[in-house]
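Take a look at the structure below.
The values are calculated or read from the model by the stated rules, or taken from the named source; none is laboratory data. Here the structure is a predicted model, which means the values were calculated and not measured. Note that we place each Cβ from the backbone using ideal geometry, even for glycine, and neighbour counts take in every protein chain shown. These accessible areas exclude ligands, DNA and RNA; they are computed on the full protein's heavy atoms, side chains included. Shrake-Rupley method; radii C 1.70, N 1.55, O 1.52, S 1.80 Å.
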Amino acid sequence: LRTPIASLKISIETLQTNFEKIDPEKRVDMLAGTMREIDYFSSLVEDLLFLGLVTEPRYRTTITEVNLNDLLQDEVDASEERHAHASYDLILPPKECVIYGDQKLLHR
């Protein structure tokens, strides 16, 4: 948890103390990076909360049909959105691949 907080703090402090000195285009990039860090941090907190829920004895999985092709494509799309300079080549089988499992657990 310290790493994303430290990264956010440094970005905000830099903008705060050097706002006028920073090129406007660079400020936009810094703000976009800060928003990505916030999204990452939010996701990390959600993962921790979900982990706490899953370890509860009362937690029950919900087994359903899950289209693995769709799940993988969604993950690649989300990753490309989080990491603007990354790109992936995902080669999926021509036929749908359906498995049975807990959609939330498979996503995590």
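Number of residues in region 51-68 that are open to solvent by 70 Å² or more (accessible area, probe 1.4 Å) and touching a Leu at 6+ places or on another chain (Cβ under 7 Å) equals 1.
For the residues Ser87, Ser79, the requirement of being hydroxyl-bearing (Ser, Thr, Tyr) and not in a loop (DSSP other than H, G, I, E, B) singles out Ser79. Report, by residue number, each residue of region 1-44 that is over 16 Å from the mean Cα position of the chain (by Cα), in a loop (DSSP other than H, G, I, E, B) and not aromatic (Phe, Trp, Tyr). Scanning region 1-44 gives Glu20, Lys21, Ile22, Asp23. Scanning region 16-39 turns up no residue that is modelled with pLDDT under 85 and of a type in the set (S, T, N, Q). Can you find a residue that is loosely packed, with under 12 Cβ neighbours inside 10 Å, within 22 Å of Ala6 (Cβ to Cβ), in contact (Cβ under 8 Å) with a residue 60 or more places away in the chain and not aromatic (Phe, Trp, Tyr) anywhere in region 77-85? Within region 77-85, none of the residues are loosely packed, with under 12 Cβ neighbours inside 10 Å, within 22 Å of Ala6 (Cβ to Cβ), in contact (Cβ under 8 Å) with a residue 60 or more places away in the chain and not aromatic (Phe, Trp, Tyr).
State the number of residues belonging to region 4-29 that are under 23 Å from Val45 (Cβ atoms), of a type in the set (A, V, I, L, M) and loosely packed, with under 12 Cβ neighbours inside 10 Å. Counting residues in region 4-29 that are under 23 Å from Val45 (Cβ atoms), of a type in the set (A, V, I, L, M) and loosely packed, with under 12 Cβ neighbours inside 10 Å gives 2. Taking the listed residues Leu105, Leu92, Leu71, the one that is part of a loop (DSSP other than H, G, I, E, B) and surrounded by 13 or more Cβ atoms within 10 Å (Cβ to Cβ) is Leu92, with no other qualifying.
I'd like to check something: does region 30-45 contain any residue that is of a type in the set (Gly, Ala, Ser), within 17 Å of His107 (Cβ to Cβ) and surrounded by 11 or more Cβ atoms within 10 Å (Cβ to Cβ)? Within region 30-45 (the criterion being of a type in the set (Gly, Ala, Ser), within 17 Å of His107 (Cβ to Cβ) and surrounded by 11 or more Cβ atoms within 10 Å (Cβ to Cβ)), the answer is yes, since at least one residue qualifies.
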